[in-house]
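Bear in mind that the values in this text are calculations on the coordinates, not laboratory data. Treat the numbers as computed from the prediction; the structure is a model and nothing was measured. As a convention, Cβ positions derive from the backbone with ideal geometry for all residues, glycine included, and neighbour counts pool all protein chains shown.
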Ligand code: GLN
Ligand code: ZN
């Protein structure tokens, strides 16, 4: 049983130990001093932080290396080797995992001051000597396998990039000789051309494929063939989700692969690292046993991999397979999963269109008559600082230590404080501050049917930051209004417009563990219908401005270009469904984190929101011109005027300067003034002066127009 356990250890490593050391080649480079915070301080000067971005379409983040022609690489950290030795000393021979050299360069970006088109791959010859050093050291330490993660191979790569893989692994051939070398890909299919390049790398002895998200791989292996004598690591168990594997189906997939690659050359695997799923179901004491029987977290997935490997080797654990089949059947037939009414309503949406009846300019005119806002209106994105006291109130209410009445009183007081503060600051469109919400997705999930929650299903997002995604297991519906009471309460405290604050369907979908028994778009349509009801109830409750956050819309974009159009079509449609039937006079805002959506700007505009606020503290004027050019859009746009991820307080002059720069690109009458994102993680000592300066800057510019 040598092969499966080897694989198991490697897959568990990221969730059980320090992640970075095992996944990353720790490179030092003279132009990219890696940092863990978004703003660095050197002496008295603040240095703009390096960009942090999402690892492919996951919610895991990495800091983007900044490289240029003068970058000198050096072997800075021996963590990969030290951890290999540490495990070995404990009697476990592990497979060290390094990010492959080509993916490392392709995921980097040209440093500031370096021309944008700088060919990152030209650095291959200077980075490979460092890889050689690491490999030699691992070999000397006794490693017999080594894994390179090259997930960029699932992207659309041109022939130059593919040639870099051939060149890199040829260059490493001598140092790799004597080792078993695995190149791992994941999150999608490897395109046919790339598959050809990959499988002809002679220094590589094993290839890993994601057979869950990569639905074509099986066909490719069978039709294009697989190099004789090499291993195929078959990622049949889903590393990105929490569902128990359908073992019977996986076993038959494995058997057909075995027929192609040979009996001793097939290795059973998870589809990707287990760092993207929850750790251990054993820690879930509150989930009921029926739902629990449908799930497998990382620890359970390892057992599944092992059981599949044993079954392939003729030692099938019949009882284990039978229990799995029973759980699969119970999930298919459970009445908790199906709500026919919801299914019908969602099915009716597909293929049709849903839009507000009037165009955005006419709507904005109608809204302005009611709202009477000044030019360059000021607002915030939603949350205000979540103090220790506030978290205590929510915790005690959840634990039933304080009564509902006490809880409501405390939250009302908090809302009142936030409303009064915004009035003092003279902000134009107010928010209630979201004090009742622990998380922008969990808060809604808890009130929707079809959702379940874990107690400890944490997934690493960055460093010590983790998220705890809800599980969508059934058809989604909204039994009762979710936010109307709080929004109405907040509106009753002020004569200024109070924004109703909702999370949009696409973001709820993308930040949850989603059911795998129906297409994602169907689940998204169901959520859209639930949010639609909430939007309409808010409107009926007298709320005139409603913000529907789609923070994660960009993140769900498929990795392959050919799939973009389909995703964007149903995602944007889902958003429009939520507000297609409201009056012209109700103003719909949406907010999106990250501004890197130059390539999908037409879809963003097609969301047809009245006002869109985005993260833009880096003043990406290119993005703003895309908004202006692509469009004749007409809707309001609020590119963040300061970075809320940093404790730094921007001065009024600095913000005014930023607004001026935006006005050079955008029309005066469409620009809104707001921070980059919600203020939840900031302190009041930062928020008060920052917002004071933001409002002063807006007022100053108004006088100059
Ligand atoms: N309304 C949310 C907040 O202010 C938006 C958060 C987000 O975009 N991530 O916290
Ligand atoms: Zn945001």
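For the range 78-204, what is the relative contact order in percent, using Cα pairs closer than 8 Å and at least 6 residues apart in sequence?
28 percent
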By how many degrees, 0 to 90 and rounded to 10, does the Cα axis of helix 388-398 deviate from the longest principal axis of the chain?
80 degrees
Grab the Cα-Cα distance for residue 192 and residue 61, subtract it from 0.36 nm times how many residues apart they are, and report the gain in nm with one decimal.
44.3 nm
Using only Cα atoms, figure out Rg for the range 372-677 and give it as a multiple of 2.2 N^0.38 Å.
0.98
In degrees, nearest ten, helix 79-89 long axis to first principal axis of the chain (Cα)
50 degrees
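Taking the mean number of other Cβ atoms within 10 Å as a proxy for protection, how do you rank 274-284, 63-73 from highest to lowest? Working shown, then result.
Details: 274-284: 20.1, 63-73: 17.3.
Output ranking for 274-284, 63-73: 274-284, 63-73.
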Translational diffusion coefficient (Stokes-Einstein; Kirkwood radius from C-alpha pairs) of the range 98-233 at 20 °C, 1.002 mPa s, in µm²/s
138 µm²/s
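Taking only the C-alpha atoms, wrap a convex hull around the range 176-241 and report its volume per residue in Å³ as a whole number. Provide the component values of the computation, followed by the final result.
On the way: hull volume 5.4 nm³, N = 66.
About 82 Å³ per residue, rounded to a whole number.
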Calculated SAXS-style log₁₀ I(q)/I(0) at q = 0.06, 0.09 Å⁻¹ - the chain, Debye, Cα scatterers
-0.38, -0.86
Just for the Cα atoms in the range 267-376, what are the lengths along the principal axes, largest first, rounded to whole Å?
74, 35, 31
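Using only the Cα atoms of the range 183-292, build the gyration tensor, take square roots of its eigenvalues as a ≥ b ≥ c, and label the shape rounded, prolate or oblate: rounded if a/c is under 1.5, else prolate if a/b is larger than b/c, else oblate.
Values: a/c = 2.48, a/b = 2.05, b/c = 1.21.
Prolate.
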Estimated distance in nm for a label pair at residue 368 and residue 462, the labels positioned 7 Å out from Cα along Cα-to-Cβ:
3.7 nm
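Counting pairs of alpha carbon atoms under 8 Å apart in space and at least six apart in sequence, what relative contact order in percent does the chain give?
Numbers: 1294 pairs, mean separation 76.6, N = 705.
Averaging sequence separation for qualifying contacts and normalising by length gives 11 percent for the chain.
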Reduced to Cα centres, the span from the range 162-192 to the range 465-532 in Å works out to 43 Å
Taking a label point 7 Å from the Cα of residue 598 along Cα-to-Cβ, the residues of the range 51-89 whose backbone nitrogen sits under 18 Å from it are 51-54, 64-67
Provide the convex hull volume over Cα atoms per residue for the range 409-565, in Å³.
154 Å³
Tell me, what is the FRET efficiency for residue 318 and residue 292 to the nearest 0.05, using R0 = 25 angstrom and their Cβ-Cβ distance as r?
0.70
Take the alpha carbon gyration tensor of the range 314-465, find the square roots of its eigenvalues, order them as a ≥ b ≥ c, and report rounded if a/c is under 1.5; if not, report prolate when a/b exceeds b/c, else oblate.
oblate
I'd like the distance between the alpha-carbon centres of the range 653-696 and the range 110-151, rounded to an integer number of Å.
41 Å
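Once you have the alpha carbon radius of gyration of the range 48-170, what is it after dividing by 2.2 N^0.38 Å, with N set to its residue count? Before the final figure, lay out each step's value.
Working: Rg = 15.8 Å, N = 123, 2.2 N^0.38 = 13.7 Å.
Taking the Cα Rg and dividing by 2.2 N^0.38 Å, one obtains 1.15.
Mean residue ellipticity at 222 nm from the helices of the chain, using -39,500 (n - 2.57) per DSSP H segment of n ≥ 4 over the full residue count, to the nearest 500 deg cm²/dmol? Don't skip to the end; give the middle numbers.
Values: 26 runs with 295 residues, N = 705.
Calculated from helices alone, the mean residue ellipticity at 222 nm is -13000 deg cm²/dmol.
How would you classify the range 411-462 from its alpha-carbon gyration tensor, with a ≥ b ≥ c the square roots of the eigenvalues: rounded for a/c under 1.5, else prolate if a/b is greater than b/c, otherwise oblate? Intermediate results must be reported in sequence, preceding the final value.
On the way: a/c = 3.11, a/b = 2.30, b/c = 1.35.
Note, shape of the range 411-462 comes out prolate.
What are the equivalent ellipsoid semi-axes of the range 455-521, built from the alpha-carbon gyration tensor (square roots of five times its eigenvalues), in whole angstrom, biggest first?
The equivalent ellipsoid of the range 455-521 has semi-axes of 30, 18, 11 Å.
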What do you get for the angle between helix 564-579 and the principal long axis of the chain? Use alpha-carbon atoms, 0 to 90 degrees, nearest ten.
30 degrees
Run the quick spin-label model on residue 449 and residue 341: label points 7 Å from Cα toward the beta carbon, then report their separation in nm to one decimal.
0.8 nm
